[in-house]
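*Asks:* Let me begin by handing over the structure; questions about it come next.
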Amino acid sequence: MIHTKVPIVSLTALELRDRLARGSLSAVDLAQACLEQIAAREPEVQAWAWLESEHVLDQARTLDRYRQTGRPLGPLHGLPVALKDIIDTRRIPTENGTSIDAGRVPAKDATVVDRLRAAGAVIAGKTVTTELAFLHPGKTRNPANGGHTPGGSSSGSAAAVAAGMVPLAVGTQTGGSVIRPAAYCGVVGFKPTFGSIPRTGILSQSPSLDTVGVFARTVEDAALLSDALFGYDAGDRSTNAMPPPRLLTTARSEAHVRPTFAFVRPPGWEEASEEVVLAMRELSDALGEYCFEAVLPKAFEEAVAVRERINFAEMAKCYHHYERRGGDQLSEVLRAAMQTGSNMPARDYIAALDWPEILNAGLAEIFQRCDAILTPATPSPAPAGLGSTGSSIFNGLWTLCGTPAVTLPLLESEAGLPMGVQLVGPQGEDARLLRTARWLATFTEGMTA
């Protein structure tokens, strides 16, 4: 029996998973606790695009009945997971953050939803996205301070986890749409290596950049959810047939040696606030000889512009049908980006596609000397006001490179706003990156103890 809702919604996904597996917590009780938390926080946070309590409870009841059969449980059995509202859900609205898709109800689940259901997750509902997962903000507010942006475009997913409404959520990143809102809202955000999680059934903005990512309270929770989503899918040519890594097992394991970090000032460093600069310096100093400063190759000065070229050119193509159906309903910022993409010479777009290989070659020398790159997740804490989703300048270059990145809620501004620390690893080294991130999270806990 649940005596109080606060401890339940404050538990990690792994703690909840273990209670559900032991039978000391039912899926229905967990679902009800989450729904009560949503009722308490949603008027203020506005994280949800679609939510029906009975739909959540029906799934939980089915899972509780399944557990009584004694058959093996899925790795996410009974855990509520929120989905960004660009991820198709069968018989549930998926409106992509635009009035043009109002009332749209897909006939088929996205591949990630199929995998969540197979793992025993409860599909909690659809969370707010910015318009077509670009820059025009939705209604969501930052749970840490409602007068500040939650970031975007996966604003609702980050906010729902930060507000304790759900233990886990799924989003996407084309520029900084997982790392930035996670950093602003104060949760763990994980953007894996490009192509790790299939995008079949998810709104396509820029196929060369779009990456599915996750939100959680801890690194281990992010690994737990990602384990269920990783793997090949014939519908997404960016995925490969390699066996998926054992993310949770590796993340929870102990490294043979203490990890080494390369502190990097990324392009746009001049935008970093004094608070961010001082906090990162303090963290680097605390790591001592296990943190050295590295300078990115000069080619990275072009990374921001190159990523934008790819994004805008592909968005002009992918969103052309929205322009035809209701261009007057699109925001000015989206129309301007599509126009830029439409006017781009083919040579510039094709040349831009060569850059990820060039940039990753430049990173290789740095990664030979460290376990992970250490850098801020955002130039500042979440800006005041809701008219912007903030700057993704410290995120987009890693999306362009296709490298895994994770942000940890390790720092706080003087005003009490979260500030994220971003770690970046080599392509394909997702499990090792999460293990390093877990080590750093434990290390910083010791600093504040």
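*Asks:* Net charge around residue 91, counting only other residues with Cβ within less than 15 Å of its Cβ (Lys, Arg = +1; Asp, Glu = -1)? List each step's numbers first, then the result.
*Replies:* Details: positive: 90, 104, 108, 117, 126; negative: 52, 54, 58, 85, 88, 95, 109, 114.
Around residue 91, the surrounding residues sum to -3.
*Asks:* Now, a different point. Would you please classify the overall shape of the range 312-449 from the alpha carbon gyration tensor, given that a ≥ b ≥ c denote the square roots of the eigenvalues, rounded means a/c under 1.5, and beyond that prolate means a/b larger than b/c while oblate covers the rest?
*Replies:* Values: a/c = 3.14, a/b = 1.47, b/c = 2.14.
Oblate, since a/c reaches 1.5 and b/c is not below a/b.
*Asks:* Kindly identify the range 303-352 as rounded, prolate or oblate by the Cα gyration tensor criterion: order the square roots of the eigenvalues as a ≥ b ≥ c, call it rounded if a/c is under 1.5, otherwise compare a/b with b/c, prolate if a/b is larger, else oblate.
*Replies:* Because a/c hits 1.5 or more and a/b exceeds b/c, the range 303-352 counts as prolate.
*Asks:* Further, regarding this structure: Considering only 148, 434, 243, whose Cα is most displaced toward the positive end of the charge dipole of the chain, charges sitting on Cβ of Lys, Arg (+1) and Asp, Glu (-1)?
*Replies:* 243
*Asks:* What is the sum of charges, Lys and Arg at +1 and Asp and Glu at -1, for the other residues whose Cβ falls under 14 Å from the Cβ of residue 46?
*Replies:* Working: positive: 41, 126, 139, 141; negative: 42, 44, 85.
Local charge sum for residue 46: +1.
*Asks:* Sticking with this structure for a sec: As a check on your grasp of the helix formula, calculate [θ] at 222 nm for the chain: sum -39500 (n - 2.57) over DSSP H runs of n ≥ 4, divide by the residue count, round to the nearest 500. It would help to have the intermediate numbers written out before the result.
*Replies:* Working: 17 runs with 183 residues, N = 449.
Dividing the helical sum by the residues of the chain leaves -12500 deg cm²/dmol.
*Asks:* Please compute the modelled spin-label separation between residue 321 and residue 301, points set 7 Å along Cα→Cβ, answer in nm with one decimal.
*Replies:* Label-label distance for residue 301 and residue 321, simple model: 4.2 nm.
*Asks:* Sticking with this one: Go ahead and run the numbers for FRET between residue 65 and residue 246, Cβ-Cβ distance against an R0 of 22 Å, rounding to 0.05.
*Replies:* Numbers: r = 30 Å, r/R0 = 1.38.
That gives a FRET efficiency of 0.15.
*Asks:* How large is the charge dipole for the chain, taken about the Cα centre, if only the Cβ atoms of Lys, Arg (+1) and Asp, Glu (-1) carry charge, to the nearest 20 debye? All intermediate terms of the calculation are to be shown ahead of the outcome.
*Replies:* Working: 41 positive and 49 negative charges, 266 e Å.
Roughly 1280 debye, rounded to the nearest 20.
*Asks:* Now for a different question. With each pseudo-label sitting 7 Å past Cα toward Cβ, what's the residue 271-residue 254 distance in nm, one decimal?
*Replies:* 4.2 nm
*Asks:* Okay, moving on. Can you give the net charge of the other residues whose Cβ lies under 13 Å from the Cβ of residue 57, counting K and R as +1 and D and E as -1? Spell out each step's value before the answer.
*Replies:* Numbers: positive: 61, 65; negative: 29, 36, 52, 54, 58, 64.
Residues close to residue 57 contribute a combined charge of -4.
*Asks:* Between residue 102 and residue 384, with labels modelled 7 Å along Cα→Cβ, what's the label distance in nm to one decimal, could you check?
*Replies:* 3.4 nm
*Asks:* With a ≥ b ≥ c taken as the square roots of the eigenvalues of the C-alpha gyration tensor of the range 150-261, please select rounded if a/c is under 1.5 and otherwise prolate if a/b is larger than b/c or oblate if it is not?
*Replies:* Here the range 150-261 falls in the oblate category.
*Asks:* Which peptide among 169-177, 206-214 comes first, and what is the full order, when sorted by highest mean count of other Cβ atoms within 10 Å? Let's see the in-between values first.
*Replies:* Numbers: 169-177: 29.9, 206-214: 23.7.
Sorting 169-177, 206-214 by mean packing, highest first, produces 169-177, 206-214.
*Asks:* Would you mind pulling out the separation of the Cα centroids of the range 407-435 and the range 109-137, in Å?
*Replies:* 23 Å
*Asks:* Calculate the translational D of the range 1-156 in whole µm² s⁻¹ from Stokes-Einstein, where the hydrodynamic radius comes from the Kirkwood formula applied to all Cα pairs, the temperature is 10 °C and the viscosity 1.306 mPa s.
*Replies:* In µm²/s, the coefficient is 97.
*Asks:* Rounded to the nearest 0.05, what FRET efficiency do residue 348 and residue 114 have when you use their Cβ-Cβ distance and R0 = 30 Å? Numbers along the way, then the final one.
*Replies:* Working: r = 38 Å, r/R0 = 1.26.
The calculated FRET efficiency here is 0.20.
*Asks:* Mind grabbing the base-10 log of I(q)/I(0) for the chain at q = 0.07, 0.13, 0.14 Å⁻¹? Debye formula, identical points on the C-alpha positions, no solvent, two decimal places.
*Replies:* -0.31, -1.15, -1.35
Rule-based calculations on the coordinates, nothing more; no lab input. Keep in mind the model is a prediction, meaning the values are calculated, not measured. So basically every Cβ, Gly included, is an ideal-geometry build from the backbone, and we count neighbours across all protein chains shown.
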